[in-house]
Amino acid sequence: MAESKILRHSVTNNIFTPESNNQPETSERSSNEAYFSFEEHFIAEETFKLFASSWNVGGIPPPDNLNLDDLLDTQNSIADIYVFGFQEIVPLSAGNILVPENSNISMKWNSLIKAALNKRKVTEDRLPQKAEAGEIQRIYPLKTHSSINSSAPDFECIISKQMVGIYITVWVRTELRGYISHPSVSCVGCGVLGRLGNKGSVSIRFCLHETSFCFVCCHLASGGKEGDERQRNADAAHILARTLFPAETQQHLPRKILDHDQVIWLGDLNYRIYLPEATTRYLVKNKEWSILLQNDQLKAELRKGHVFEGWNEKEIEFAPTYKYDQDSDDYYGSNHKIKAKRMRAPAWCDRIIWFGKGLKQTHYNRVESRLSDHRPVRAIFIAYVEVSGPSKEPHSVLSNRFVDSSNYFISSRND
């Protein structure tokens, strides 16, 4: 693994064990950083590639032959961690709103993801991926002829959770699983009565080595009328205020979203464009992205400091992701032969933003799938992760740290 810096020093308090994370030495250090006693140790910084995607699938169950290759783009880039966020994996009917989970649908999505991530290619070595400037490259061998029938997968699901239509599932390289600890979830409903799960968020947190991660998958308030953006701002504020991860005995772990070292927020944020519909359609047709983005609600609300203060989003260089005619590349209402029930101007409803230190976003684009009226978006990050251990055996003390969260973990055997 790549190590870009190593710091050596000694501490004399709090003996480290694989199951415990103690209080930080200073306020600048991560709340989940490990400590050692009476011996020299190092803190190394390693880089990991992280893939995140968001897709509103419009209540359409995935067909058995759904091809996820374009979404994953594994022909060009292989990540270490994959985070998939979905919205509306079930129709948002009154009956479904009262049933938080539909295991058949979520397991179907996990089964498709497992198959796509674990496709075995008969090759002796994985082709090296292009490394960013100044970064040391890590290469993992693919399964070869001798191991292609091995039952051990390349990627495993470490945690998944559904709340009505919102679903998030996290997959990691099998060899990383032993360095993942403290996975847990927190759900916040912002829908009917301000509490039900037709809108809201499902958040997942875990630690990779000594760095804490939080992923928020959300579906914010809909509506294209003037002023509807204020309800979306309120939903985001409620999610930040009400998300609370469970406390763990003798562990000083972050419990609020913003307390984590690295946070990625993805989902159907539903922000629209502050322009008349005819103007928006004209600018979209002519690919005038810069003018449209100057009037994008989310960017405007960020500039005003109304929401997501201090968060980051990579420049958007793709067409609006919403709203399309079913199984078509035409925006809803643009085909005059098809009568639209309600007009919906194109918008960048589907977004991925991030917060914290140690993340570098390298890609941000959309995927051309016609499954629903939204196009999925995806982002790739380089995550800089702290690894701590005794100077002689830096990784041995960090093995077997994965915690099985049985209430919400879907094991790979059932994917």
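Annotation: amide H-H contacts under 5 Å for Thr362 (H modelled 1.01 Å from N, sequence separation of 5 or more, or interchain): Ile380, Phe381, Ile382. With a cut-off of 13 Å, note down the residues of the stretch 190-216 whose backbone N falls inside the zone around a label point 7 Å from the Cα of Arg177 toward its beta carbon. Of the residues in the stretch 190-216, none has backbone N under 13 Å from the label point off Arg177.
Note on Asn76 and Glu226: the model spin-label points, each 7 Å out from Cα along the C-beta direction, lie 4.1 nm apart. Distances between placed amide hydrogens fall under 5 Å for Cys190 paired with Lys199, Gly200, Ser201, all partners being 5 or more residues away or on another chain. Checking the cross-link pairs Lys225/Lys304; Lys323/Lys357; Lys256/Lys323; Lys225/Lys287; Lys287/Lys360; Lys49/Lys285 against a 31 Å limit on the alpha carbon distance flags Lys323/Lys357; Lys256/Lys323; Lys49/Lys285 as lying beyond it. Remark: spin-label model distance Met343-His252 equals 5.8 nm, labels positioned 7 Å along the Cα→Cβ axis. Residues whose amide H comes within less than 5 Å of that of Gly267, counting only those at least five positions distant or on another chain, are Cys218, Arg351 (H built at 1.01 Å from N in the peptide plane). In plain terms, the chain from Glu288 to Met107 could stretch by 61.1 nm, reckoned as 0.36 nm per residue minus the Cα-Cα distance. Using a probe of 1.4 Å on the protein chains alone, the accessible area found for Phe308 is around 10 Å².
Rolling a 1.4 angstrom probe over the stretch 48-113 with all protein chains present gives an accessible area of which 50% lies on carbon and sulfur atoms.
Which of rounded, prolate, oblate describes the stretch 207-285, given a ≥ b ≥ c as roots of the alpha-carbon gyration tensor eigenvalues and a/c under 1.5 marking rounded, otherwise prolate only if a/b is larger than b/c? Here the stretch 207-285 falls in the prolate category. Rounded to the nearest Hz, the phi-derived 3J(HN,Hα) couplings of the stretch 311-328 under the Karplus curve 6.51 cos²θ - 1.76 cosθ + 1.60 (θ = phi - 60°) are 8, 10, 9, 5, 4, 8, 10, 10, 5, x, 9, 8, 10, 10, 5, 4, 6, 8, where x marks glycine and proline. The heavy atoms of Met343 offer some 90 square angstrom of accessible surface to a 1.4 angstrom probe.
With the Cα gyration tensor of the stretch 267-366 giving a ≥ b ≥ c as the square roots of its eigenvalues, does the rule (a/c under 1.5 for rounded; else a/b larger than b/c for prolate; else oblate) give rounded, prolate or oblate? Cα axes put the stretch 267-366 in the prolate bin. As a calculated quantity, the FRET efficiency between Val99 and Asn295 at R0 = 45 Å, using C-beta atoms, amounts to about 0.70. Surface exposure of the stretch 187-339, expressed per residue as accessible area with a 1.4 Å probe, stands at 46 Å².
The values are calculated or read from the model by the stated rules, or taken from the named source; none is laboratory data. Model, not experiment: these values are computed from the prediction. Glycine also receives a Cβ, built like all others from the backbone with ideal geometry; neighbour counts cover every protein chain displayed. Each accessible area value is taken on the protein alone, full model and side chains, heavy atoms only, with ligands, DNA and RNA left out. Shrake-Rupley method; radii C 1.70, N 1.55, O 1.52, S 1.80 Å.
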